[in-house]
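These notes are about the structure you will find just below.
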Amino acid sequence: MEKTFSQWKKQCLNKLDLSKKGSVDEDIEHVVSLLNSREEFFTTSSCSGRLILIDGAPERSDVQKQNCVWLFVSHQTCTSEDLISALQRSSGDAVLKFEPFVLHVQCRRLEDAQLMHSVAINSGFRNSGLTVSKTGKIITAVRSTHGLEVPLTHEGRLLVEHEYIRFLTQIANQKMEENLRRIHRFYQNLQSALLTEKLQKLQIPDPPISQELQDYPLRAEAVKGEAVEKGENRTSVYKRRKKRERHQTDGCHGDGFSSMPELEDCLDLFT
């Protein structure tokens, strides 16, 4: 499995970018770079989030990117004038969509995918999930739910007033700004999680207990056993110690008697 993952990563990172833009979006370059620099991850697809105005065929009830004309696309906030100008080129059913940040990451182990999923959920990407294919590929999808999709024309005819388009632009821009905040939060949480995991792997084990300390309980038991064999206990040892102390102090301060000569005998020494 280790060799297969390395092969998958090398093959994915070396292939051409087939997206319309042909490169990683600027707002998520640091996220993609961080993941691809790690041995346990690599990105398979990504988008920082975008506002798009797609003109579909009038007879189609669903809006598909394929076989549709892209009237406008931006990975940043836009103005209502941008949208109004683009809508003038509509000949079908134009739909304004906001698509939030999406990222697909292949992971080496299931534990790596779980870490990625946890970071995504904690960063506000509540629609994230992970899948395991029959070939053993473990993919984590980082996705959000705060999208937007509003039809604006039908057969090239504008369905709403310009005032509504201005209001809609404001809503779309707010979603884009929130999207960028979530990306920033995701990057910070990802850095923190990877650092914590690294520190856990490098954690220094507790120093071994010295042989002297290991043998201490055994020696204590041996001393205790020896005392028991001699018929001694704490009380007898205490009594013996007190008796010895009394014996040593009887000739000094005890009950008023002294081994020193009487006062008269001392005076005789000076006569």
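Quick one: which strands (runs of 3 or more DSSP E) lie wholly within segment 84-158 and hold at least 3 residues that are surrounded by 18 or more Cβ atoms within 10 Å (Cβ to Cβ), under 28 Å from the mean Cα position of the chain (by Cα) and hydrophobic (A, V, I, L, M, F, W, C)? Talk me through it step by step, then tell me what you get.
On the way: elements: 93-99, 102-107, 129-132, 138-142, 148-151.
Filter on segment 84-158 gives 102-107, 138-142.
At negative phi and open to solvent by 10 Å² or more (accessible area, probe 1.4 Å): is that true of Glu177 in this structure? Before you say what the answer is, go through the steps one by one.
On the way: at negative phi: yes; open to solvent by 10 Å² or more (accessible area, probe 1.4 Å): yes.
Judged against the criteria, Glu177 is a match.
Suppose we filter Leu83, Leu35, Leu115 for residues that are touching a residue at least 60 places away in the same chain (Cβ under 8 Å) and over 30 Å from Leu195 (Cα atoms); which single one remains? Break it down stepwise before answering.
On the way: Leu35 fails: over 30 Å from Leu195 (Cα atoms); Leu115 fails: over 30 Å from Leu195 (Cα atoms).
Answer to the selection: Leu83.
Just the residues that are within 26 Å of Thr4 (Cβ to Cβ) and of a type in the set (A, V, I, L, M), please, taken from segment 125-173.
Leu130, Val132, Ile138, Ile139, Ala141, Val142
The values are calculated or read from the model by the stated rules, or taken from the named source; none is laboratory data. Because the structure is a prediction, the values reported are computed rather than measured. Glycine also receives a Cβ, built like all others from the backbone with ideal geometry; neighbour counts cover every protein chain displayed. The area values use the complete protein model at the heavy-atom level, side chains included, leaving out ligands, DNA and RNA. Shrake-Rupley method; radii C 1.70, N 1.55, O 1.52, S 1.80 Å.
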